[in-house]
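Report on one structure; see the data block that follows.
Bear in mind that the values in this text are calculations on the coordinates, not laboratory data. Please read all numbers here as calculations on a predicted model, not as lab measurements. All Cβ positions, even for glycine, are placed from backbone atoms using ideal geometry, and neighbour counts span all protein chains on display.
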Amino acid sequence: MSHHARNIGPMLASPRCGAKTRCGGACRRPAVRGKKRCRMHGGARASGAPRANQNARKHGLFTGDAIAERRQIQALLGEARKLLAEMK
Ligand SMILES: [Zn+2]
């Protein structure tokens, strides 16, 4: 009979996958290091989109740069309107 206590605390405390299974529950496999999913659910090496993925980009209307530009233009227009109102 072995009295060796196995140190499995860190193993049990590791982040879990959480992908939805066919049964409706969460996966509960250990997630791949540095990812949120296990190797069966998209955590495998080289799975997922590459960095700076542009596949879904159609026109760039909602990129951060375009939004910031529109916001600046609106601010400028607001200032101009205020100035015109003061001149009346
Ligand atoms: Zn999983």
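For the chain, the relative contact order works out to 13 percent when only alpha carbon pairs closer than 8 Å and six or more residues apart are counted. About the centre of its Cα atoms, the chain shows a dipole size close to 640 debye [charges on the beta carbon of Lys, Arg (+1) and Asp, Glu (-1) only; nearest 20 debye]. Cysteine residues of the chain whose C-beta has no other cysteine C-beta under 4.7 angstrom: Cys23. For the chain, modelled as a GNM whose springs connect Cα atoms under 10 angstrom apart, the maximal fluctuation among Gly43, Gly18, Gly78 occurs at Gly78. Less than 5 angstrom separates the built amide H of Arg37 from those of Val32, all sequence-distant by 5 or more or on a different chain. Normalised Debye scattering of the chain at q = 0.18 Å⁻¹ gives log10 I(q)/I(0) of -0.93, counting only Cα atoms as equal scatterers and leaving out solvent. Between the Cα long axis of helix 64-87 and the first principal axis of the chain there is an angle of about 30°, rounded to the nearest 10. When the Gaussian network model of the chain links Cα atoms closer than 10 Å, the mean-square fluctuations of Arg16, Arg33, Arg70 top out at Arg70. Between the listed residues Cys38, Ala49, Met87, the Cα displaced farthest toward the positive end of the dipole of the chain, a dipole computed from Cβ unit charges relative to the Cα centre, is found at Cys38.
Annotation: amide H of Arg16 within the under-5 Å range of Ala31, sequence separation 5 or more or interchain, hydrogens built in the peptide plane.
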